[in-house]
Amino acid sequence: MEIPQVEASPREVSGSRACRRLRRQGLAPAVLYGRGGPNVLLTLHKETVAELLERRELIVQVSWDGRLEDAQITEVQYDAFGDEILHVDLTRISLSESVEVAVAVATRGEAPGVSEGGVLEIVQHELRIQCLPSAIPEKITVDISGLNIADNLTVADLDLPPGVSVVAGGETVILTVLPPSEVEEEAELAPEELLLEPERIGAEAEDKASAEESE
Amino acid sequence: MPLMPKRVKYRKIQRGTLKGKATRGNRVSFGEYGLQVMERGWITSRQLEAGRLAVMHFLRGEGKLITRVFPHKSMTATASETRMGKGKGEISHWVARARPGQIIYELAGVPEELAVSAFARVAHKLPIRARFVRRRMHP
């Protein structure tokens, strides 16, 4: 596996105003930390980070000021709409030690339960796995050809590549086939139904207190 | 039966303000696709129900729809031909508060083209602008 190299520049400024100015220039503030090393404030190009995330290349070589370090993109902060990258966390890693990373879950085959009208619900869209940085699979493919309605597929049922372990317990449900949902007809509501009001919390206690006062 | 709380502490509440953007409930968390609002506003329980039914009818029971908001806020109205005064009106409906970025519905178990068409129908039933979003993976 070839590790992509990411050009970063050291950042001397910190704080919301300075970071906002950087973001306006198409840059994203980042921080590199971990493995007993110092915290280094960096700046990355937003586009570069977006491309890396699109390709799910989370293990990178960060270069700045002639230095080169292996790192993992561990957290990315977005704006309220999830469009703009606000900040990137990079964690130092060793290529000879295992890392924890999220990998997408993909399905293979067709579940008999789905053809009978059931709905395949993916409970875990991604799984956190532990493995060497060089052995990170692109996705974890699960075979659903044996799933009938109301059947579950758990972590214990997975056929994982060698050297890969899932962080979640074996009983964690990854996907399930739900019974088909029925289309409800819109019922006309009676006017008295529309006027229904919710119960008021503490109303009973208040009534009791007022009754005692009147006595 | 339209959505409304089972129990409340106060029956009638003031309008209040709806500042800022959604900092929670703004990511697709349960399904694969979502409908995200781009503006702020109140979504009534009838609009939420209309959206839900539009999806259910369009998908004919296929897939799973998740509603991410709930109408917690009561709205009151005075009866027509009523003179001024005599206190606050009676509860007329319930609304959910939505800030920009809030995911209103999520869909799972359907192909993307179907989800796009289903949410386009729902977006027409909402009082504020909304867009289709996909699930994003965490690093």
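The values are calculated or read from the model by the stated rules, or taken from the named source; none is laboratory data. Note that the coordinates shown come from a computational prediction; the quantities given were computed from them, not determined experimentally. Reconstructed Cβ throughout: ideal geometry from the backbone, glycine too, with neighbour counts over all protein chains shown.
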Identity of the residue in region A:127-154, surrounded by fewer than 17 Cβ atoms within 10 Å (Cβ to Cβ) and either among the polar types (S, T, N, Q) or within 11 Å of chain B (Cβ to nearest Cβ) (or both), that ends up farthest from A:LEU58 (Cα to Cα): A:ASN148
Residue in region B:83-92 that is outside any loop (DSSP other than H, G, I, E, B), in contact (Cβ under 8 Å) with a residue 40 or more places away in the chain and under 13 Å from the mean Cα position of the chain (by Cα) present: no
Conditions (1) loosely packed, with under 15 Cβ neighbours inside 10 Å; (2) within 16 Å of the chain's Cα centre (by Cα); (3) assigned by TED's automatic domain parsing to the domain that holds A:SER145: number failed by A:GLY109: (2)
Evaluation of B:ARG27 against (1) more than 17 Å from the chain's Cα centre (by Cα); (2) within 9 Å of chain A (Cβ to nearest Cβ) (one fails), failing number: (1)
Sole exception among (1) loosely packed, with under 13 Cβ neighbours inside 10 Å; (2) touching a Leu at 6+ places or on another chain (Cβ under 6 Å) for B:TYR33, by number: (1)
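Kindly evaluate B:LEU3 against the criterion of being within 12 Å of chain A (Cβ to nearest Cβ), closer than 30 Å to A:GLU121 by Cβ and in contact with a helix residue (DSSP H, G or I) (Cβ under 8 Å, 6 or more places away or on another chain). Even if it seems obvious, please write down each step before you answer.
On the way: within 12 Å of chain A (Cβ to nearest Cβ): yes; closer than 30 Å to A:GLU121 by Cβ: yes; in contact with a helix residue (DSSP H, G or I) (Cβ under 8 Å, 6 or more places away or on another chain): yes.
It is true that B:LEU3 is within 12 Å of chain A (Cβ to nearest Cβ), closer than 30 Å to A:GLU121 by Cβ and in contact with a helix residue (DSSP H, G or I) (Cβ under 8 Å, 6 or more places away or on another chain).
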